[in-house]
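Q: Once you've had a glance at the structure underneath, I'll fire off some questions.
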Amino acid sequence: MNELLKKTATEQSKALKNKEISAVELTQAAFDRIDELDEKLGAFNSLTKETALNTAKKVDEKIAKGEELPLLAGIPLALKDNMNLIGSKTTASSKILENFVSPFNATITQKLLDNLVPIVGKANLDEFAMGSSNENSAFKKVHNPWDLKKVPGGSSGGSAASVAACEATLALGSDTGGSIRLPASFCGIVGMKPTYGRVSRYGLIAFASSLDQIGPFARSVEDAANLLEVISGHDPKDSTSLNLPVEHYAASLKDDIKGKKVGVIKELMSEGLSDDVAKAIQNAIDTYKKLGCEIVEISLPKLKYSIGIYYILATAECSSNLARFDGVKYGYRTPDAKNLLEMYTKTRAEGFGPEVKRRIMLGTYALSSGYYDAYYKKAQQMRALVTEDFREAFSKVDILISPTCPNTAFELGAKSSDPLAMYLTDIATISANLAGIPGLSVPAGFDKDGMPIGLQILAPQLQEGKLFNMAYQFEQAHDYWKQLANI
Ligand code: GLN
């Protein structure tokens, strides 16, 4: 492998500017790495070589002319395969969209192209982003680069694995209940979910629209902050997009954090926590103490309901969002239907995988007349109470910390026959989506088998600057983030 692939985006940008390597060579090096590795890893559904190399060429032209480069120009990036890139397949890892070619660019994709970021390919995911292990892809499983027998986490498993294995330097994922933070934690990299509304969802295949948010993966906090800057901003095409200026999130990374109050979420420090994860979080607490922060124990009494609330709201929203896949407008259509109704039902029966079907049925039930008040309405009310818990907590502390997941990556197949066990993997991440607050996972050590552990940090709405600052200070106090999977 070209050694430069192991560097951060910041370092790669310097190498491009100093002409140690051209952007075309760097992008080609990423493709060589993918060619050598991805058969084992399964991180990519498809590659977008032409687009990537054309973008890289434009970067080299600018360098040759001595022109200023946009942020992250020339840095190879993997796009989760539920985001549209014009002229390429967008499958959501589902049979129903197996041959769907995007007729338009997502807003985030357009922003990446405008910044001359080479998009190397479409990263594998759990079908329609439903899952925590990336075993729900209709095409192939993703393997964890730290141990190929283990899962990379989901649903953005391909995005996380590609960055951890240096097939790409950056990636985008979507996070509805933890799908960026969980795989970042399992793969030993940084993954960040912005405040709801910070990043446009236009061109992202909707799963649960009131929870979905696109965010960055990187091998350093600084790179993640820069990637968020590139993709965020108001978009009139997404009615939930916030009309706020784009911030330079990396500006505050080096700010002194002495005197900041760090809340430790009590409910996430007990039940089901593995010893190694507990030790790593204690180590994070000690680190913040050494950096001059005050540690406060915080209780979020409604957190225990978050999985229940989420699986009513997310399934209800997905049952509505996925109604559009009916064989008429896009994707797969059953070849042998006798009439229209049979065409709809057969297309959906043949096109969707088992987890997607389970969720459509659960969501349809929760929304049906007679059950709506008991389930959907009650879950909405409980969602407001979870949000209130956070509001109260953030009146006492600057950030909240917890493990990103109570355990490290598990073996492929270990939970795939038990949906409830799989749903519980998201216990620490889901509540941030319910409350719309930003959160990230940063490498915080390793378990006894050498598998990465993630520290989750949460901040109040719109306080991404503070979130990155607190994460950066922790990251720089250790060298966990510098360790790469030996693959
Ligand atoms: N694991 C959760 C689920 O299956 C979250 C998925 C996500 O964030 N996209 O719904």
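The values are calculated or read from the model by the stated rules, or taken from the named source; none is laboratory data. Source: prediction; values computed, not measured. FYI the Cβ positions are ideal-geometry reconstructions off the backbone, even for glycines, and counts take in every protein chain you see.
Q: Give the residues of the stretch 393-411 that are more than 22 Å from LYS258 (Cα to Cα), in contact with a Leu (Cβ under 9 Å, 6 or more places away or on another chain) and surrounded by fewer than 22 Cβ atoms within 10 Å (Cβ to Cβ), sorted by residue number.
A: Once the filter is applied, which keeps residues that are more than 22 Å from LYS258 (Cα to Cα), in contact with a Leu (Cβ under 9 Å, 6 or more places away or on another chain) and surrounded by fewer than 22 Cβ atoms within 10 Å (Cβ to Cβ), the stretch 393-411 yields PRO406, ASN407.
Q: For the stretch 78-195, which helices (runs of 4 or more DSSP H) that fit wholly inside it have 3 or more residues that are small (Gly, Ala, Ser) and more than 29 Å from VAL328 (Cβ to Cβ)?
A: Here the list reads 157-164.
Q: Here's another thing I want to ask about it. Would you check if there is a residue in the stretch 206-219 being away from the ligand (no atom under 16 Å from the Cβ) and crowded, with 23+ Cβ neighbours inside 10 Å?
A: Yes, that holds for at least one residue.
Q: If ASN433 meets every condition in (1) buried (at least 24 other Cβ atoms within 10 Å of the Cβ); (2) under 19 Å from SER270 (Cβ atoms) apart from one, which number is that one?
A: ASN433 satisfies all of (1) buried (at least 24 other Cβ atoms within 10 Å of the Cβ); (2) under 19 Å from SER270 (Cβ atoms) except (2).
Q: If you don't mind, there's one more thing I want to ask. Looking at the structure I just gave you, is ASP175 within 13 Å of the ligand (Cβ to nearest atom), acidic (Asp, Glu) and closer than 19 Å to GLY454 by Cβ?
A: yes
Every residue, every condition in (1) closer than 30 Å to GLU464 by Cα; (2) at pLDDT 95 or above; (3) not charged (D, E, K, R), yes or no:
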| position | (1), (2), (3) |
| --- | --- |
| LYS346 | no, yes, no |
| VAL356 | no, yes, yes |
| ALA384 | yes, yes, yes |
| ASP389 | yes, yes, no |
| GLU411 | no, yes, no |
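Q: Something else now. Taking helices (runs of 4 or more DSSP H) that fall entirely within the stretch 355-450, which contain at least 3 residues that are under 22 Å from ARG198 (Cα atoms)?
A: Answer list for the stretch 355-450: 378-393, 430-435.
Q: Could you give every pair whose Cβ atoms fall below 8 Å, whose first residue belongs to the stretch 86-98 and is without any contact (Cβ under 8 Å) to a residue 24 or more places away in the chain, and whose second residue is in a helix (DSSP H, G or I) and of a type in the set (Val, Ile, Thr), counting only separations of at least 6 or pairs across chains?
A: Taking only residues 6 or more apart or on different chains, the pairs are ILE86/THR109.
Q: Of all residues being assigned to a loop (DSSP other than H, G, I, E, B) and either among the hydroxyl-bearing types (Ser, Thr, Tyr) or closer than 13 Å to ALA435 by Cα (or both) in the stretch 299-313, which is farthest from the ligand (Cβ to nearest atom)? Just the residue, please.
A: Out of the qualifying residues, it is SER299.
Q: Quick check on the stretch 420-428. Is at least one of its residues out of contact with any Asp or Glu (no Cβ under 9 Å at 6 or more places or on another chain), within 16 Å of the ligand (Cβ to nearest atom), without any contact (Cβ under 8 Å) to a residue 60 or more places away in the chain and farther than 25 Å from LYS260 by Cβ?
A: Checking the stretch 420-428: at least one residue is out of contact with any Asp or Glu (no Cβ under 9 Å at 6 or more places or on another chain), within 16 Å of the ligand (Cβ to nearest atom), without any contact (Cβ under 8 Å) to a residue 60 or more places away in the chain and farther than 25 Å from LYS260 by Cβ.
Q: Pairs under 8 Å by beta carbon, first residue in contact (Cβ under 8 Å) with a residue 60 or more places away in the chain and among the acidic types (Asp, Glu) in the stretch 338-367, partner crowded, with 21+ Cβ neighbours inside 10 Å and in a loop (DSSP other than H, G, I, E, B), six or more apart or different chains?
A: That search, which allows pairs on different chains as well, returns GLU355/ASP126; GLU355/MET130; GLU355/GLY131; GLU355/ASN136.
Q: If you don't mind, there's one more thing I want to ask. Suppose the filter is farther than 22 Å from GLY131 by Cβ, at pLDDT 95 or above and over 24 Å from the mean Cα position of the chain (by Cα); does VAL397 pass it?
A: When the stated conditions are applied, VAL397 passes them.
Q: Of all residues in the stretch 451-475, how many are within 16 Å of the ligand (Cβ to nearest atom) and in a loop (DSSP other than H, G, I, E, B)?
A: Summing the residues that are within 16 Å of the ligand (Cβ to nearest atom) and in a loop (DSSP other than H, G, I, E, B) in the stretch 451-475 gives 0.
Q: Moving on to the next point. Name the pairs whose Cβ atoms lie under 7 Å apart, with the first residue in the stretch 281-299 and under 24 Å from VAL386 (Cβ atoms), the second among the hydroxyl-bearing types (Ser, Thr, Tyr), and 6 or more positions between them or separate chains?
A: ILE295/TYR288
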